[in-house]
Structures are given as structure tokens and as C-alpha cells.
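One structure is given here, and the rest of the page talks about it.
A short reminder: the numbers here are calculations on the coordinates, not readings from a lab. Please read all numbers here as calculations on a predicted model, not as lab measurements. Cβ sites come from the backbone with ideal geometry, for glycine too, and all protein chains shown count toward neighbours.
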Amino acid sequence: MKSKKDLSFDDLANRMQHLVSLKKYEYALKELEEMRKQNPDSMDVQIFFPYVNFYQGKYNLAIEQAESVLAKNIGYPTVYYILAQSYLKKSNYKKFGEITDLGLSQHSNDVPLISCKVRYLALMKKENEALKIAEIALGFEPKNPQILNMKARILESLQKEGGEEILDLSIANDPMNASSHVAKGQLYFNKRDYEKAKECFLAALKIDPENKTAREHLNSILCITYFPNHFKVLNFYNRNLPRIFSFFVLWIIASFCFTAYSKFTDGSGSWFLPISIFFAWGVIMYFNHIFQYDAAYHLSIHEKTKQFFQKEESRKPVFTTLVKLVIAIIFLGITIYFQV
């Protein structure tokens with residue numbers, strides 16, 4: 001059996017890919033450190049530091065390490081790919097495009113870099129050009145799921161037929177690729193075919209239970225399909241929370257001013273402040289309730305969101321209103337008693 005020091009580049013790549021797929025990032029970095037100590041001049045080892053850190057989500061560190069490798073005139077396509085993808089994750093589309101072009105100038109047939117070019121052109125709304133580049137990439141790797149998924153999305157954005165068939169092919173080629181199921185789910189979601197979309201997202205979660213995109217879309221389907229009114233409330237809440245908060249802050253300040261003025265005059269408006277505070281408190285508590293929906297929804301806590309909505313759906317509006325009215329009357333009575 002080969003020692004870690006004697007691993008070929010391909011063996012090392014497979015080893016790192018395996019550890020990254022298991023999310024054993026620290027273990028992978030530890031192995032790389034050991035190999036670097038054994039062979040400090042090995043560039044094969046150096047290029048996998050940014051690779052592991054990228055998949056760990058440490059994009060700034062991955063950029064720093066990848067640029068350090070490229071500064072030594074070591075132009076592995078993997079380094080260009082990781083550097084480009086790191087800039088994409090940082091939403092620096094200009095650098096993403098520049099690094100992709102630089103990498104392709106040296107490795108014109110590298111499919112991962114070609115996929116970056118397709119993604120860049122799609123981001124720049126150059127879908128027709130992106131489609132041509134995708135066809136070139138598929139000429140090298142006809143079954144590449146990443147390219148097939150992007151081609152399907154581009155066809156959808158161009159409102160052309162064929163996207164669904166391409167995704168079926170992608171899934172048939174690699175049924176365990178969660179991204180293909182997600183891409184097909186998004187296609188159905190955009191067509192408002194929520195039942196088929198739900199099946200695709202559930203299939204993706206069976207493969208990758210932590211897939212954020214699938215979880216978010218499932219929550220959206222849950223809200224749109226079963227709780228449309230509460231989904232509208234969530235959207236209203238997200239759009240108007242700053243205005244609502246500002247309104248009630250101003251309301252309370254005005255209440256204080258009015259009550260203070262009344263005490264210095266005839267005292268007739270001294271009831272206004274406690275009633276205003278009570279009213280504001282009720283509305284704020286209501287929106288705090290909505291905030292819980294929103295937090296569960298955006299954190300993709302599917303079951304939690306469902307529980308909140310089911311609980312709200314089961315409430316009896318008339319009974320709830322009567323309870324609130326009784327509480328308000330009691331509070332008003334106490335206020336008047338103390339004012340007298």
C-alpha cells in the first residue's frame with residue numbers, strides 16, 4: 001500500500017474528494033499538512049489546501065491560497081476552478097469571469113472551467129452564447145450532470161422546450177446527484193406544478209438531507225399550496241416590518257406627548273397613553289408571532305413551519321377576537337379606575 005508521501009496526483013485528488021464528500025475537512029487539512037512536512041516542495045499537495053477550504057466555506061482563505069499557488073506559475077486547472085468559484089461565492093462576478101478566461105486560455109478543454117464560462121455568460125444574460133459553450137462542454141463529457149443542469153436552466157430562461165428531457169437524462173446518468181433532482185424541481189416549481197416539484201425536492205433530500213435549496217423550495221410549496229393566506233402575511237411582513245415598527249414608535253411618542261399635555265391642562269386625555277401602549281403591544285405581539293413563521297420558513301425548518309401554520313389554521317377567529325375584546329375591556333376598566 002502506498003504511503004501518503006508516494007500518492008500520485010490522481011490518487012491524492014481522489015483522496016481529498018472522498019474526505020470532502022464526507023465533510024471531514026479538518027481531517028483532510030491535517031493529512032495535507034503531514035504530506036507538506038514530508039515533501040515541502042510538492043505543488044500537488046499545495047493546490048489541495050484551497051480546494052478543501054473552498055468546500056469548507058472559507059472562501060477568503062481559498063482565494064488567498066489559490067492566488068499564492070498561481071503566483072508560483074503553477075497553473076493547475078483545479079486551482080483556476082477553485083479560485084473562480086470562490087469569487088462567484090463572494091458575488092464578485094467580474095473576477096469570476098476574469099479567472100475563468102485566464103484558466104481557459106491555458107486549459108481550453110477543461111470541462112469544469114468551461115462550466116464556469118457557461119455560468120458566467122448566463123449570469124451576464126448572454127444565454128444564447130452560454131448555450132453554445134454548454135454544447136461544446138457536452139462534446140467532451142456528454143453525461144456531465146453540471147453542464148446538463150445548466151443547459152436545462154438556460155433553455156428554460158430562453159423559454160425553449162427540452163429542459164425537462166435534459167434533466168431526465170441527467171438523472172438517468174447519475175440518479176444519486178442531488179443537484180439534478182433540485183434543478184428538475186425548480187423547473188416544475190417555476191411552472192407552478194407544485195406536486196411534481198415536491199417529488200423532486202424530496203428525492204434530492206433523500207440523497208442530500210442538508211440541501212438548502214430543496215428545503216427552501218419545499219417550504220415555499222407548503223406555504224403556497226396549503227397556507228396561501230399566511231404566505232401572503234409573510235410577504236407583507238417582510239416588505240413592511242420597518243414601516244410598521246417606525247409607525248408604532250412614533251405612535252408611542254405621540255401618546256406620551258398628548259398625555260403630558262393633558263396633565264398640564266384639564267387631564268382629559270390621560271387615558272390615551274395606556275390604551276395606546278396596549279394597542280401597540282397587541283400589534284407587536286401579533287407580528288412577533290408572524291416573525292416565528294418567518295424565521296422557521298427562512299431557516300428551512302420544514303416541520304416547524306408546518307406546525308406554526310397548522311396551529312394558526314386551527315384557531316377560531318371569532319373566539320380569538322372575543323377573548324381579545326374581553327381583555328381590552330378589562331384593561332380599559334382598570335385604566336379608568338386608576339385615572340379616577
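Can you list the trypsin sites (Lys or Arg not before Pro) in the range 19-97 that are in a DSSP coil and have 12 or fewer other beta carbons within 10 angstrom? Could the numbers behind the result be given before it?
Working: sites: 23, 24, 30, 36, 37, 58, 72, 89, 90, 94, 95; in loops: 23, 24, 58, 72, 90.
Filter output for the range 19-97: 23, 72.
Starting with the highest mean, order 38-47, 146-155 by the number of other Cβ atoms within 10 Å, averaged over the residues of each peptide.
Details: 38-47: 15.6, 146-155: 24.0.
Top to bottom by mean Cβ count within 10 Å: 146-155, 38-47.
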